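Please treat every number below as a calculation from the coordinates, not as lab data. These figures come from a predicted structure and were not determined experimentally. In this analysis, Cβ positions are derived from the backbone assuming ideal geometry, glycine residues included, and neighbour counts consider all displayed protein chains.
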Amino acid sequence: MMSIAEAYNNWANTYNEVPNKTRDLEARAIRKSLENGGFEHSLELGCGTGKNTFWLAEHSKNLTALDFSEKMLEKAKQLDPENKINFQQTDLNKTWPVPGENFDLISCSLVLEHIKNLDFIFAEANRTLKKNGSFYLCELHPFKQYLGSKARFETKDGTKELEVYLHHVSDYIGAAEKSGFRLKKINEWFDKDQKEIPRLISFIFKK
């Protein structure tokens, strides 16, 4: 199975064009969850091709966007000709190249299924957030993972599945509490109505 960075480099050319229910529902989820926010300094983890980046930039005075994938970042940068956003290629499993206690918002969308160690992510979020800062994250719902759903994309050679890790709801909340966060809000997001299994789960934690 290919590495996460390699997989997203290969996916970059078609990521924005191919229908993707998970991507599109998450785009609605973040806009609904943070619609009342005006942020001074924001940090986006796993910005990809920029599906949320430019919306976050409109609601932030300064935005730093990190991603594993060089090719995904190239796509995102094409939409920022004035270089207003600080894009950085970063392995989120290592210390993030940003100052401590600097951000009042960190957002993380559809990233943590590729991260084994949640404790490290929450510890870094705590290090880099200001006091009373918010950590928004949204992921594929564990219920979908239990049924075998995972990130995948089509190529001329067939379907490529990405390496993923299963995190239960209690894993997110436990890792957050261990790093000193308190849960402010939790939401489940459905494709059509609440008779179906939810596709996504989102959290807002406060430092």
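See the values below:
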| read-out | value |
| --- | --- |
| Percent of alpha-carbon pairs separated by more than 23 Å within the stretch 42-144 | 21 |
| Under-5 Å amide H pairs with G133, H placed in peptide plane, nonlocal only | K207 |
| Under 5 Å, built H, 5+ apart or other chain: amide partners of G37 | none |
| Cα-Cα over 23 Å, subset of K75/K207; K32/K206; K178/K207; K94/K116; K144/K185 | K75/K207 |
| For A65, distant residues with modelled amide H under 5 Å away | E44, N86, F87, Q88 |
| Counted charge near N93, where neighbours are those whose Cβ lies closer than 14 Å (Asp, Glu -1; Lys, Arg +1) | -4 |
| Neighbourhood net charge (11 Å Cβ-Cβ; Lys/Arg +1, Asp/Glu -1) for K184 | +4 |
| Estimated vicinal HN-Hα couplings, Hz - the stretch 60-73 in sequence order (Karplus 6.51, -1.76, 1.60; Gly, Pro = x) | 9, 6, 9, 9, 10, 10, 10, 7, 5, 9, 4, 6, 4, 4 |
| ³J(HN,Hα) computed for each position of the stretch 78-91 - Karplus, 6.51 cos²θ - 1.76 cosθ + 1.60, integer Hz, glycine/proline x | 4, 8, 10, x, 8, 6, 7, 9, 8, 8, 9, 6, 8, 8 |
| Derived scalar couplings ³J(HN,Hα) [the stretch 178-187; Karplus, 6.51 cos²θ - 1.76 cosθ + 1.60; whole Hz; x for Gly, Pro] | 4, 9, x, 8, 10, 7, 9, 7, 9, 9 |
